[in-house]
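Below is one structure, written out as structure tokens; the observations come after it.
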Amino acid sequence: MSIQGKNGTSRREVFSRELIVAFYFIFLVMTALCHKFGEVHIVHAFTRIVQIVYVPGIFFAVGYYIQIQSEKYGDFKGCMLRHAAYSLGLYALLGIPYEVFAKHVDPFTTIRNFISFIKVFEISAIFLSVSIVFLLCAYLWDYIEGWMEKPVLLLLICIIGFLPVFLPEGIIGYGLAGTLIGGDRTHAVAISTELFVFFWGVFCARKKQNTFLEKKNFIMAALSFVIAGVFAVLHIKAACFVFLGMFLAFIAINICVPFAGIYAALEEAVVNILERVWGIITTPASREGEENWRSLLRYFIGYTVLFVVMAVLIFLPYILQNKTLIWEADGLGQYVPKVYRFIQYIPEIFKDIFSGNFDFKQYDFTTGLGATVAISYDPVYWLYLLFSPAKIENAYSFLIIVRYFLAGLSMSGLVLYFKKSHFAAYTASIVYAFSGYAIYAGTKHGQFLTPMILLPILVVAMERLIRNRKWYMLTVLVGVSLLCSYYFLYMNTIALGIYFVLRIVCTEEYRNWKTFFERGFIIVGSYILGASLGVISLFTSFGSYMGSSRSGGGKITAFLSTTPLFYRTEWLVDFFTSYISDNFASGLWLKLGFAPLAMLAIVLLFTRKNRKELRWLFVIFTAFSLFPVFGYIFSGFSNVNNRWGYIYVVIVSFILAESLDKMRDLSGKEMGIMTAITGLYGLVNAFSDKLFVPSIYGAFGLLAATLIMLFLLNSDKITFSKKQFRGIVLGMTALVIFLNAKWFITSGDDSYTHLDTYVSAGDSKKKISGTALKHLDEVPGADTDEFYRSTNLVTTGNLRSSSLLYGYNDVSTFSSTLNGGIVNYNNAMGNCRWNIVSIYDYNFRTYLNTLASVKYMGVAKKNTATIPYGYKKVQETKNKYYSIYENQYSLPLGYTYDKIVNTDRIDQYSAAEKQETTMLAAIVEDKDMDKNSNLTVATKLPLTAQKLKIKNIKLNGVSMTKDTIEIEKPGATMKFSFEAPANAETYLSLVGDIYAEKDAKEHFITARIKAPGVKYGHKFRIDAYTTGQKEYLFNLGYREGAVKTCTLKFVGTGTLKYKDLAIYSQTMSNYADRVNALKENSLQNAKAEKNTVTGNITVDKDKMLVVTLPYQKGWTAYVDGKKTDIQRVNYQYIGINLKKGTHDIKLHYQLPGIKLAFMITGCGIIAFVAIIIFNIVRKRRKN
């Protein structure tokens, strides 16, 4: 059986590679089988045999291969060093993922073991040993060739190398030492004990044997078998296995010989494929004037392959733990339920429009108390229409991945537009798409990947306009951006404005007033025309924003009074630390987490001649990151946050693309600066509280490894081709991105990890459906056309939007733009179960639920709250986990008051008194009092809410002064003693809130409210979602008997500032009479159907009809067919002043300005097309 072919040495070289591949492949297969079927004795036995054989087999092949290379290459030393590097890369590439994913070793520990060789990766240990063999041969080959001529000396060297096998077990514990001389504790593959077989391979290659079935080889194999037998008799197991392995390896090698030709053909095919793929990756972008579609297609294929590999690696933890990309907090609270609703109502809207009915669905009664239907979404969101409701969970995760893909592709477009190489585009794109910002924002809030998709191509559009005055692309993208989100366009416009000014100022060709104003005029025109294409967003989403609490001058006043000029003192250090760490951030959404190479690339931005505007962009936006005022401006003047951070990611990613090919020839000064930055990073974190955070010194390790890579690539000792340089840099960058993302995704502590906050596959709908109200259709009488609401006794985060799935009307909601009236109402009532973007419930308060037309209440067995007054159980599931209670005193959608009172007067009341007032009189805004002169103004209200005397406050871990509550330790408590009357609902009132110094930092204090039968939590907060309310009214529940104590238990520490701390009691003795008074003249046959509410009512005197829908622009009221003014009543509801008599009532909702929006869009499209046609005709006439 000969291995010598027409190609001579070439065929022998291929055969040596065949041996390495075959032996290691069989080892991997048997290892996998052992993991799966380890309890089967025959599998375990075969695995042990393979473990004995594959090591000597590979060492033989390596010796054989090295000898061939020594005959082939003049630069043998360089060849060996490259092979040492490749082998070390294989050791890491195979070992690190196995340790992290299969053995679940902490990523940092894995990287530490790799860098320090404390412990060897068992699955790839052979390649570490092979790497060291190549390294030794690079420097000792001349000696080895001399030894080969002296058999006695060679035998003596092999015997000396074999001696460590006789050392007692457990002595060698260091991985690198174990690799050199062996050690049972290290999982290493010892080099010294395999010298016999290594030199055997060298000998066979030197003799250029045509077959291994020669006499000398048989003698060597037989001798190995005999020696193995001797050691077996002596019970020296380790030595026996070494020589037995040599014997079996000889047999296996001869078995491999006949397959050499087949392997050679397969290897050639694989190499051809890889070369084609590599050609696609490394082909430079086409220059101007060239046909570049083919090049772009090749790039797209290469990018797609690279993205798929990266996405699989990064999101593998989700797959392994059977997790979706649905974040429990917001995903279940709003995003997923809204998708279900979206795929239900959008087809209805299209059906109406195509049938000529433009009164399509514009209002949704199931979204909290009621809200506008959103009809402007980003293009990816519309893809949900391709999926059935049963596939929404999969679609949600899939479309987030699609957004990541498009974000990277968008960055590719920007890099390639500026004529960078494909290599630069690939590298910058994965750094961008999988940056810390993208991983954090994309997995939690998928829509925040949308501006990452838009901004790079908007920059391309702006550049086309500046260079060639081509404005079409910018116009279209502005329209698309506005349809996606006015907020994203707002942030992108600021970035584009700064870019335009810097581009003009920093480019000599454009640096004149004529160009500035000419291009500026075109940009303004493009923006106006583009805005006309997406103007519908301004009349829907933006209209909701303007009507919410997130806008207005009061926010500016609050900002100035609560926010300092600078962030906290440690912000700068945190900013520097988080630059290359996904798992750490300064706060307020400033997530960076770049690959370390991007950080080092910034050095070249200032040491080389680069685009001046790029340098200034970096400086300006770095400054933006350091001052709270810019976070406030970018958030639309609503709060301080840095959601604009993706703009910074665009800049840094492009800097990397600009610098990549320059990293092949770094100067000593540049390497020195990079070394100083690396040292500074380590030093800063060594003297901070982050010294022992694994992800931080893990990031430092990656930074140091990246620096070492650059030193090697710029070394005069080792030469790398352009392709090799690019491959190493791209591979290292991909590895670093993967590890950084892995640390973040798997971060956590003993109680939970980051992954635990995501929904398991198949659980999303089940979690959203964890409400008794899904059984509402089983309640007798619930299936009626008459409007009513249902809510949960206690609404958890997952249930805030459950009504969107089951179609019932609720008070709970989750919306980024809560109606301003709803915000004012919850503030006034002191509700503690809401924040600026969501209403959980009304804290099981009897008055508030009844006044919101709540008829049914869902109760879960786990709920720890008392049933409000007047509710009766009407339904219970078979397992008795869920129950539904009916409100015996429920109010219809519309009820009437015979008295009114102005807000100015009521504002002086406590929250408990305001609550009671809404049962006695309609609270009318001061400006509307003159419109209601026919109604009686209540001069004195018969309030029965009592402020009770607090007998004692027992403090544990809390210190208290006349205006301050200092929580000094976690678990601190305040126990209140009082005497509340029977048949009453009791409340703990805190007039005050959390307090902290002005530091632009988020602060939280979580409290647990406990009373007999009641237990729930509340988070006092200073962040983007704070309510800013003056009073909190914590419901202690309704009881027929008296309640005497309640307790506040604090989870963390902090300070509360307060003006009053009180106990209130609201008797229910007159509750029924008050409800009946409101119900006496109420809206009958009330129906709510697509944008319209109808009903009839008879009032015995002039009264104020209150319809429990949120007051907002777009509602038009008709009384007996005549248009009638509406007004805001009781802070949030619609009020209609009715004269005595019987009336038909109709309320109709239409998006404000919707007809105008369609007209503007139509005119915009016509103008856009007309201008294009005009320009085409004009150009043809010129030609």
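The values are calculated or read from the model by the stated rules, or taken from the named source; none is laboratory data. No experiment lies behind these values; they were computed from the predicted model shown. Neighbour counts run over all protein chains shown; Cβ positions are idealised from the backbone, glycine included.
For this structure, a couple of remarks:
- Among the residues of this structure, residue 88 does not count as one that is in contact (Cβ under 8 Å) with a residue 40 or more places away in the chain, in a helix (DSSP H, G or I), over 36 Å from the mean Cα position of the chain (by Cα) and on the phi < 0 side of the Ramachandran plot.
- Within region 1002-1014, if we keep just the residues that are at pLDDT 95 or above and of a type in the set (D, E, K, R), the residue that is farthest from residue 837 (Cα to Cα) turns out to be 1010.
- Residue in region 726-747 that is charged (D, E, K, R) and part of a loop (DSSP other than H, G, I, E, B) present: no
- As a summary of the residue check, residue 868 satisfies the conditions (1) within 25 Å of residue 1031 (Cβ to Cβ); (2) touching a residue at least 24 places away in the same chain (Cβ under 8 Å); (3) not in a loop (DSSP other than H, G, I, E, B) except for the one numbered (3).
- Residue 696 buried (at least 19 other Cβ atoms within 10 Å of the Cβ) and at pLDDT below 85: yes
- For residue 643, the stated conditions hold: it is more than 26 Å from residue 92 (Cβ to Cβ), modelled with pLDDT under 95 and out of contact with any Lys or Arg (no Cβ under 8 Å at 6 or more places or on another chain).
- In region 1141-1167, the residues that are at pLDDT below 95 and of a type in the set (D, E, K, R): 1155
- Condition check for residue 647: in contact with a Pro (Cβ under 7 Å, 6 or more places away or on another chain) and outside the structural domain of residue 1024 (by TED's automatic domain parsing): no
- Residue ID - nearest to residue 220 (Cα to Cα), chosen from residues in region 103-157 that are part of a helix (DSSP H, G or I) and acidic (Asp, Glu): 145
Results for (1) surrounded by fewer than 23 Cβ atoms within 10 Å (Cβ to Cβ); (2) of a type outside the set (D, E, K, R), shown as yes or no for each residue.
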| residue | (1), (2) |
| --- | --- |
| 727 | yes, yes |
| 756 | yes, no |
| 777 | yes, no |
| 802 | no, yes |
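- Pairing residues of region 491-505 that are touching a residue at least 12 places away in the same chain (Cβ under 8 Å) with residues that are surrounded by 18 or more Cβ atoms within 10 Å (Cβ to Cβ) and outside any helix (DSSP H, G or I), at Cβ distances under 6 Å and at least 6 apart in sequence or on separate chains, gives 491/644.
- Test result for residue 1128, surrounded by fewer than 18 Cβ atoms within 10 Å (Cβ to Cβ), outside any loop (DSSP other than H, G, I, E, B) and among the basic types (Lys, Arg): no
- Being assigned to a loop (DSSP other than H, G, I, E, B), at pLDDT below 90 and among the polar types (S, T, N, Q) is a condition met by no residue of region 613-631.
- Restricting attention to region 351-367, the residues being under 19 Å from residue 340 (Cβ atoms) and exposed (fewer than 14 other Cβ atoms within 10 Å of the Cβ) number 1.
- Out of 782, 761, sole residue that is of a type in the set (A, V, I, L, M, F, W, C), surrounded by fewer than 20 Cβ atoms within 10 Å (Cβ to Cβ), over 20 Å from residue 874 (Cα atoms) and touching a residue at least 24 places away in the same chain (Cβ under 8 Å): 761
- For the condition more than 32 Å from the chain's Cα centre (by Cα), surrounded by fewer than 17 Cβ atoms within 10 Å (Cβ to Cβ) and free of Cβ contacts under 8 Å to residues at least 40 places away in the same chain, residue 149 qualifies.
- The numbered conditions (1) under 25 Å from residue 1029 (Cα atoms); (2) within 44 Å of the chain's Cα centre (by Cα); (3) surrounded by 15 or more Cβ atoms within 10 Å (Cβ to Cβ); (4) of a type outside the set (Asp, Glu) are all true for residue 959 except (3).
- A search for C-beta distances below 6 Å between a residue of region 930-944 that is surrounded by 13 or more Cβ atoms within 10 Å (Cβ to Cβ) and any residue that is in a strand (DSSP E or B) and of a type in the set (Ser, Thr, Tyr), counting only pairs 6+ apart in sequence or on different chains, returns 944/1067.
- Taken over region 596-612, the criterion of being among the aliphatic types (A, V, I, L, M) and either within 29 Å of the chain's Cα centre (by Cα) or outside any helix (DSSP H, G or I) (or both) is satisfied by 597, 598, 599, 600, 601, 602.
- Residues of region 997-1013 satisfying the condition of being more than 29 Å from the chain's Cα centre (by Cα) and either among the acidic types (Asp, Glu) or surrounded by 20 or more Cβ atoms within 10 Å (Cβ to Cβ) (or both): 997, 1009, 1011
- Condition met for residue 815 (of a type outside the set (A, V, I, L, M, F, W, C), over 21 Å from residue 775 (Cα atoms) and buried (at least 21 other Cβ atoms within 10 Å of the Cβ)): yes
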